[in-house]
Amino acid sequence: MANLTLRYGGQAILYVLFAAFVGYFSTSPPYQHLPPDQALLRLSFRAPGQLTTDCRPRSPEELAKMSPQLRAQMDCPRERSPVHVRVDLDGKLMLDETFAPAGLRRDGAASGYRRQPIPAGEHLLRVQVNDSVRVKGFTHEAERRLTLAPGQVVLIDFLPDQGGVVIR
Amino acid sequence: MPAPTGSAGAPAALWRAAESALDRLCGVDDNPLRQLGAIGFYLFWLIAVTGGYLYIFYETSVAGAHASVEALTHGQWWAGGVMRSLHRYASDAFIAVIVLHLVRELMLGRFRGFRWYSWVSGVPTLWLAVAAGVVGYWMVWDDLALFVATATTEWFGALPGFGAALVRNFIAEGAVSDRLFSLVAFLHIGLPLVLLLVMWMHVQRLTRPQTGTTRRVALTGLAALVALSLVAPAVSGPPADLTRIATSLPIDWFYLAPLPALYTASPEAVWVASVGATLLLVVAPWLGRTPRPRPAVVEPAHCNGCRRCFDDCPYAAIAMAAHPSGKGEIAVVDADRCASCGICAGSCPSAVPFRSTATLASGIDLPHFTVDMLRAAIDATLRPAGTAGTTLVFACGHGAAPTPQPGLAIFTLPCAGLLPPTFVEYGLRLGATGVVVVTCAPGDCEYRFGLRWTLERLEGTRPPRLRRSVDRSRLAVIQAGPGSRAALDRDIEAFRARLAARATGSAAGGTSRPTLGETTHG
Ligand code: HEM
């Protein structure tokens, strides 16, 4: 009898221990994704850069060399510019990176994603973008004064058809 | 005869020690460590049933998802809440159990050679199970779900084909759509269905796979999970808010452990580690090049198509086909599935040593360990003069090895199941005082059914049967695992002492004691 009690008791303990193991690691230990006093700065965009070159009329000699059904008057190269992004936080450089257009012919949109935890509190965020190789300096720019709570997410997007740099 | 080698080594001994310890608590039959695969199937069904209940109340929309889960959790805590918690905890237990199952087969060395198929087909279950669980966490659409969604898309975004734009689906207001929730729900049902298909494929090369647990394990396990669900119900965090990210997250380490590594290391590192580990698992059966013994061979002239080997093969390696003679059927061996255990040789009705042919030709045989070799070895032991008093020992090469003693003739077999029962009678008729059959420990048969078939054949409940007329008191069947040599030696000694006492006692009219299947050692 004592032996039986021991066996059933032992089994009960075994299953309880397993359940406790499962229950514990199901939610614990917590994962500290960001330090408690940090906010998150994200850059995420997907935008085609400007075309690298304008269309240009073809000369008669060039046209003569082409097969008749392909004889278009204008030559329009489709290569796009890379998108250069520069982010300054409180006057300090945080990111300075160039994102290449997609596609073998470099004729697709450029896309980028970066994340950077920053301390919560007051910040001055300045974002500059260049999406054309034909322009020196930057083509778009935005500046925002931010007051960030811990865990708050700031998203930097680049939407050329909606005014350029968007800070949300 | 070449002596087969057992699966020794420290990892195997360690695992066996753990199993024996639990045997003492749960008994061999109800020891969860001995039925981990079956528990995997059981938990899968439990997850499916509880998930089905949750799905009735789940709303597949951005606005409705979180609220519908909250209503289920708190509005009907006694049903939906318990179901949700059971769904969660059974899923966690599922991962724990299949990882333990993998560790068991690894530590016991059961992943090489003919087992490659079982092993390799097990690997994708890990990915599918984790993927299904991760998607499950999106469904709740709380702060944890948002983290899971962004982290997994960040992870996939690191792959060349996907690109950095993937994560945009989860970080901009308005990007998360109801359509996306339909996709997530579809994946959360579809992935487990694929998992079930792979689980089914996983047991295709096993005869009678144990896909159900014993009743006690099922009920005690369920009771433990229900208790856990009541004590610590699964709950949601605050609804997902794309402008905020939780700094501290109560993550489920069974499913989400790789995600923190994306940030402590990098997405690329997690890809390398996970794909690398998977590839290592997949090629593991072929690392270390242990030569595979030759598969069983069928002799058409002696195969009468009785199907016994077909029934007894633990690895579905035998099929029946039309006999080349045009009459009846013949057994056909699939060499890649064959474990070379010899259980088929032990089942063959042609393996009768009394036949007076010069060579004993059987219907199915191991080329490197034929029943003819076994008969020749017995003949060589018992036919010379002065061998009276010899005790024959047929020992499973994977169980305990008996210590050689004067008067003991030990034959080590690849599996006790290779022994045709007629060989017991043959040995006794040739003058052996007794026969000992040593099998592996209960619940630990290297070839799944070797132990069970051996016992049933010797008890006369499964063909080929040991004839009723054979004196059972001169036969001892001892179940002894690799770690119990000393106990085995003691049992053999005791058996021989009984035989000796009987020899003197029977002259004085003593009684005999049956010994069949009485002794077991872990
Ligand atoms: C969903 C997950 C899994 C389930 C439900 C499952 C289930 C099973 C079952 C029921 C058996 C048959 C046991 C028997 O009747 O003897 C088995 C055998 C086996 N499993 Fe799994 N398994 C899973 C995953 C894995 C994984 C991940 C691996 C390793 C990578 C693995 C390796 C093996 C091996 C090698 C055997 C053959 C054992 C033998 O031949 O003795 N399994 N599994």
Inset, instruction - Mind listing whichever residues of the stretch B:172-214 are closer than 30 Å to B:Ala319 by Cα and hydrophobic (A, V, I, L, M, F, W, C)? - result: B:Leu193, B:Val194, B:Leu195, B:Leu196, B:Leu197, B:Val198, B:Met199, B:Trp200, B:Met201, B:Val203, B:Leu206
Inset, instruction - Would you tally the residues in the stretch B:7-30 being open to solvent by 20 Å² or more (accessible area, probe 1.4 Å), within 16 Å of the ligand (Cβ to nearest atom) and aliphatic (A, V, I, L, M)? - result: 1
Legend entry - Any chance B:Ala377 is within 22 Å of B:Leu413 (Cα to Cα), in a helix (DSSP H, G or I), open to solvent by 20 Å² or more (accessible area, probe 1.4 Å) and touching a residue at least 24 places away in the same chain (Cβ under 8 Å): yes
Inset, instruction - Could you list all residues from the stretch B:8-25 that are free of Cβ contacts under 8 Å to residues at least 60 places away in the same chain and within 14 Å of chain A (Cβ to nearest Cβ)? - result: B:Ala18, B:Ala21, B:Leu22, B:Arg24, B:Leu25
Inset, instruction - Could you tell me whether A:Leu93 is among the aliphatic types (A, V, I, L, M), surrounded by 12 or more Cβ atoms within 10 Å (Cβ to Cβ) and in contact with a strand residue (DSSP E or B) (Cβ under 8 Å, 6 or more places away or on another chain)? - result: no
Inset, instruction - Kindly indicate the residue of the stretch B:430-448 that is open to solvent by 20 Å² or more (accessible area, probe 1.4 Å) and within 16 Å of the ligand (Cβ to nearest atom) and also nearest to the chain's Cα centre (by Cα) among those meeting that condition. - result: B:Arg448
Inset, instruction - Given the conditions (1) more than 10 Å from chain A (Cβ to nearest Cβ); (2) closer than 27 Å to B:Met139 by Cα; (3) out of contact with any helix residue (DSSP H, G or I) (no Cβ under 9 Å at 6 or more places or on another chain), report the number of the one that B:Val270 does not fulfil. - result: (3)
Inset, instruction - Check A:Ala120, A:Ala100 and return the single one that is free of Cβ contacts under 8 Å to residues at least 40 places away in the same chain, within 14 Å of chain B (Cβ to nearest Cβ) and over 13 Å from A:Leu43 (Cβ atoms). - result: A:Ala100
Legend entry - Failed item in (1) over 19 Å from B:Leu475 (Cα atoms); (2) free of Cβ contacts under 8 Å to residues at least 24 places away in the same chain, with B:Ile410 passing the rest: (1)
Inset, instruction - Kindly establish whether B:Ala145 is within 14 Å of chain A (Cβ to nearest Cβ), surrounded by fewer than 21 Cβ atoms within 10 Å (Cβ to Cβ) and in contact (Cβ under 8 Å) with a residue 60 or more places away in the chain. - result: no
Inset, instruction - May I ask you to list the residues in the stretch B:19-30 that are within 16 Å of the chain's Cα centre (by Cα) and part of a helix (DSSP H, G or I)? - result: B:Glu19
Inset, instruction - Output the residues belonging to the stretch B:319-358 that are within 16 Å of the ligand (Cβ to nearest atom), aliphatic (A, V, I, L, M) and outside any helix (DSSP H, G or I). - result: B:Ala339
Legend entry - Residue among B:Pro285, B:Pro295, B:Pro300, B:Pro314 that is within 16 Å of the ligand (Cβ to nearest atom), away from chain A (no Cβ under 14 Å) and touching a strand residue (DSSP E or B) at 6+ places or on another chain (Cβ under 7 Å): B:Pro295
Legend entry - Within the stretch B:91-107, considering residues that are near the ligand (Cβ under 8 Å from one of its atoms) and surrounded by fewer than 21 Cβ atoms within 10 Å (Cβ to Cβ), the one farthest from B:Asn31 (Cα to Cα): B:Leu106
Legend entry - B:Phe162 vs. criteria in a helix (DSSP H, G or I) and either more than 8 Å from the ligand (Cβ to nearest atom) or within 30 Å of B:Ala339 (Cα to Cα) (or both): no
Inset, instruction - Please enumerate the residues belonging to the stretch A:39-67 that are within 7 Å of chain B (Cβ to nearest Cβ) and under 20 Å from A:His123 (Cβ atoms). - result: A:Leu40, A:Arg42, A:Ser44
Inset, instruction - Considering only the stretch B:224-294, give the helices (runs of 4 or more DSSP H) lying wholly within it that have at least 2 residues that are more than 31 Å from the chain's Cα centre (by Cα). - result: B:258-264, B:267-283
Inset, instruction - Go over the candidates B:Leu33, B:Leu86 one by one and state the one that is modelled with pLDDT of 95 or more, more than 12 Å from the ligand (Cβ to nearest atom) and either in contact with an Asp or Glu (Cβ under 9 Å, 6 or more places away or on another chain) or outside any helix (DSSP H, G or I) (or both). - result: B:Leu33
Legend entry - Search result, residues across the stretch B:261-316 that are of a type in the set (Ser, Thr, Tyr) and open to solvent by 50 Å² or more (accessible area, probe 1.4 Å): B:Tyr263, B:Thr264, B:Thr290
Inset, instruction - Could you give me the residue pairs with C-beta distances under 9 Å whose first residue belongs to the stretch A:9-31 and is facing chain B (nearest Cβ under 7 Å), whose second residue is among the basic types (Lys, Arg) wherever it lies, and which are 6+ apart or on separate chains? - result: A:Gly10/B:Arg24; A:Gln11/B:Arg216; A:Ser26/B:Arg88
Legend entry - The listed residue being part of a helix (DSSP H, G or I), away from the ligand (no atom under 11 Å from the Cβ) and without any contact (Cβ under 8 Å) to a residue 40 or more places away in the chain, out of B:Leu219, B:Leu187: B:Leu219
Inset, instruction - Just need a number here: residues in the stretch B:108-156 that are farther than 22 Å from B:Ser68 by Cα, more than 12 Å from the ligand (Cβ to nearest atom) and aliphatic (A, V, I, L, M). - result: 2
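The values are calculated or read from the model by the stated rules, or taken from the named source; none is laboratory data. Given the structure is predicted, the values throughout are model-derived calculations rather than measurements. We place every Cβ from the backbone using ideal geometry, glycine too, and count neighbours over all the protein chains shown. Ligands, DNA and RNA are stripped out before the accessible areas are found, and what is left, the full protein with its side chains, is counted by its heavy atoms. Shrake-Rupley method; radii C 1.70, N 1.55, O 1.52, S 1.80 Å.
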